[in-house]
Amino acid sequence: MATVLKTPEEEIVVEDPHSLKTLYLGKKGISEVRDFEKFALMQVLWLNGNRLTSLRSIDHLTFLRELYLQDNRLNTLKGSLQSLKFLHTLLLHNNNLRDLSSTLNDIVHLNLLDTFSLHGNPCSQEEGYRKIVISKFPSLKVFDRHIVTEKDQKEQPTPQQSTTITPPLSYAEFYLEKDVGKVKKRIGEKNQLKISREDNESPSQSPKPTLRSEYSLPVPETLDFLKSNKQTPPSSPDKSSTTNSRTKKPAPFEYKGMKFGH
């Protein structure tokens, strides 16, 4: 399908461009707009129901207060709304905006935004979507056609509902990150081992005395002590005599005419 360009001058004839405050360009099959520089004092712009995939040439409308972009094919807002600091109404529902974090980052500077819509976009299916959006714009009064209450403003997204989305790693980045993680782990283990060794060698902790140092004398002193008192250690019993004493038979004897031990 051919690209349909549209300029404000093609739609209406205006002698003084600065006198134009409101312009309706809705449902005209427009896929691109341009030449809005002359209409710097425009306050309301309708571009709904067209075939726009991105926005260009409207960043000069610094006094714009209302912008209607619903029912288009927008897939990004990057670099298109940076100067619209007085915008208080922005309708973006039923487009093709997929990344909630990126979308909000492109419009988070709109501090006066009080009416906003984003439903009907793929990004509206993300977990905690409503809480995340409301937390980004404290001035919101109506979001997705629902009034924003004080309770909504106080509720904050949980850590699992963070707006930061990490892009997938490439294969090279994945393996590099994996190797860096191994190195960090080994450094941490070495540091932990060094700390444990320093704790064991700390002077405040005296080593426990061994049995020898606490109760025994050195071997040379023990021998001198035995020599001075002429004491000898008890000799071990003779194994042969012990064996003979156990195997020796009792002496024979007689009892009432009967002989025993013969």
Worksheet entry | Backbone HN-Hα couplings from phi across region 106-115 [Karplus 6.51/-1.76/1.60, Hz, Gly and Pro as x] | 6, 10, 5, 6, 7, 6, 9, 5, 10, 10
Response to the item:
For region 18-144, dividing by residue count, accessible area per residue (probe 1.4 Å) in Å² works out to 43
Worksheet, complete the sentence: By the mean-Cβ-within-10 Å protection proxy, highest first, 88-101, 19-32 rank as 88-101, 19-32
Worksheet item: What spacing in nm lies between the two simple spin-label points modelled at ARG51 and LEU112, each 7 Å away from Cα in the Cβ direction?
Response: 3.5
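Where the accessible area of region 5-108 is counted over protein heavy atoms with a 1.4 Å probe, how much of it, in %, is carbon and sulfur?
In region 5-108, the share of accessible area belonging to carbon and sulfur is 46 percent.
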Worksheet item: Of LEU81, PRO157, HIS109, which is farthest along the charge dipole of region 48-161 in the positive direction, counting Lys and Arg as +1 and Asp and Glu as -1 at C-beta?
Response: LEU81
Worksheet item: Once fully extended, how much extra length lies between LYS21 and LYS154, figured as 0.36 nm per residue of separation less the alpha-carbon to alpha-carbon distance?
Response: 44.2 nm
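The values are calculated or read from the model by the stated rules, or taken from the named source; none is laboratory data. Every value quoted in this text rests on a predicted model; they were computed, and no experiment measured them. For neighbour counting, all protein chains shown are included, and Cβ atoms are generated from backbone atoms with ideal geometry for every residue, glycine included. These area figures cover heavy atoms from the full protein model, side chains too; ligands, DNA and RNA do not enter into them. Shrake-Rupley method; radii C 1.70, N 1.55, O 1.52, S 1.80 Å.
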